[in-house]
Amino acid sequence: MKRSPKFGREGFRRILELTCPVTDSREIWLKLGHNKFIVGDYTTDGHFPIWETSGSGKNRKRTRQHPDCWEYVSNWAKNNDGGVFFIPTQPIGYPIKEAIALSDDIAAELDEGTLEQQWDKIAEFVEISGLEPAYIIHSGSKSYHPHWKATEHLPIAQTIYLRQLLCIALNSDPAIANPHQPMRMAGFYRREKGREQTLEYSSDSRSSYDELITGIKVYYDVKGIPFPEDISESRWRIYKRAKREGHLDLSILTKPESELYPQSTYRTNPTVSTAYRGRIPLHLALSKANQEALKGVGSERNQTGIALAKDLIGCYEWLINKNCEVEGEPYQLFIDYCQACAPGGGWNEREWETIWRSASKGNPTPARADLSKFIHWYRRENDFEYREALRSTKIANLDGEPDPKAYQEYITHIHQPHR
């Protein structure tokens, strides 16, 4: 697999050429830096009108139009840090997962080893699997982002499954399995790195779903990786946690679901039911102070961020050890906090990563003195069988509601569109 770099406008145009419309929609979402989304209907020459947007979720609105995407974005990149991203799964309407029903993009982000080691890993995968990527983008820093294209836009569940399989094969960043995850766009300058995000390789190759599965299975077989016929949310969550903590055992890919969870080391209060199958919102398990911090702060960002990150990790681990299904990812909630904080003063992605690594050291624990009381309250409010069991044992009022304001906020949240 030979490199054939394309720079600037040529690289940008090539990505657009390889982007097929979804049900006749040519909508493309770009992200400038860490929080500025723009949208337009692309043309392959790159000179199409683009809109700035504001808001979040389905409340995002178009605000200001620029007549030429290439001119506007390239000029922005030369004068601002963060670089340029796009959402290759092509959401329609909003840059959120609910806006993605179909996609032909199966991508990965390699972030371990040198660039040469990453390239060799991709090349080895291509040789063994027989699957040629459509393009490979260099991030302008320390990683390569390969993209494979399907012959048609697949149901998003199939796309996510293929991305998960690819992530496991290449030992790459699990975040890319999220369908709305922005990735680096080729052709633009990354000012804080002093380098361009380049298109290192491209082809017209596309593969059917069956061809992709077959090729990945061949690679798994050669490498001795157990092949999962499906990947549930809980299995993927366990995989990500084990990878993050550095004790990944690939046997978890095919173990029965019942064997995936370790026995709890915590005592439950009360012990009347363990069959709750609902999802516990991670942000509600945080201390009241950290729930407020999620909205962002204007000062003491680092100190607040470390406390929040430790609480997020501690609560998540506690809930997983209790065999709870968790709504929300610790790292993503932490990044949401970082993006909500006042900018400036070196507050950037590099600083956020430093804070997260610092908070991850040791064994972070929940900030609440007794998280089991929160679980009791939450299940009492949301699990009918649990509530009835409490009544039958005459301990329905064992613990009062620890955080009524937070619960009311949650009830409001679940009846609103995802943001």
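The numbers here are math on the coordinates, done by the rules we state, and not lab data. What you see is a predicted model, and the numbers here were worked out from it, not measured in a lab. Note: ideal-geometry Cβ built from the backbone for every residue, glycine included; neighbour counts use all protein chains shown.
The stretch between Ser234 and Leu294, if pulled fully straight at 0.36 nm per residue, gains 19.1 nm over its current Cα-Cα span.
Specify whether the C-alpha gyration tensor of the stretch 50-167 places it in the rounded, prolate or oblate class, a ≥ b ≥ c being the square roots of the eigenvalues: rounded for a/c under 1.5, otherwise prolate if a/b is larger than b/c and oblate if not. Oblate, since a/c reaches 1.5 and b/c is not below a/b. Taking amide hydrogens as placed 1.01 Å from N in the peptide plane, the amide H of Val326 sits under 5 Å from those of Ile280, each at least 5 positions away in sequence or on another chain.
Counting every other Cβ atom within 10 Å of each residue's Cβ, Ile160, Ile335 order from fewest to most as Ile335, Ile160.
Between Asn35 and Lys78, the contour length at 0.36 nm per residue exceeds the Cα-Cα span by 13.8 nm.
Return the subset of Lys121/Lys310; Lys217/Lys243; Lys36/Lys149; Lys78/Lys121; Lys6/Lys78 for which the Cα-Cα distance in this structure is over 23 Å, preserving the input order. Over 23 Å Cα-Cα: Lys121/Lys310; Lys36/Lys149; Lys78/Lys121. Computed from backbone phi with θ = phi - 60° and the Karplus coefficients 6.51, -1.76 and 1.60, the 3J(HN,Hα) list for the stretch 361-370 is 5, x, 9, x, 10, x, 6, 5, 5, 9 Hz; x is used for glycine and proline.
Once backbone amide H atoms are built at 1.01 Å from N, Leu154 has Ser103, Asp104 as its partners under 5 Å, excluding neighbours fewer than 5 places away on the same chain. Karplus-based coupling profile of the stretch 18-26, in residue order and whole Hz: 8, 9, 8, x, 9, 6, 6, 8, 9, with θ = phi - 60° in 6.51 cos²θ - 1.76 cosθ + 1.60 and x standing for Gly or Pro.
Put a dot 7 Å past the Cα of Leu250, heading toward its Cβ, do the same for Glu325, and the two dots end up 2.9 nm apart. Its alpha carbons considered, the stretch 1-78 gives a radius of gyration followed by a Dmax of 13.6, 44 Å. Cβ crowding within 10 Å ranks Ile28, Ile213 as Ile213, Ile28, fewest other Cβ atoms first.
Arranged from fewest to most other beta-carbon atoms within 10 Å of their beta carbon, Arg184, Arg350 become Arg350, Arg184. Charge tally for Thr151 (other residues, Cβ to Cβ under 11 Å; Lys, Arg +1; Asp, Glu -1): -2.
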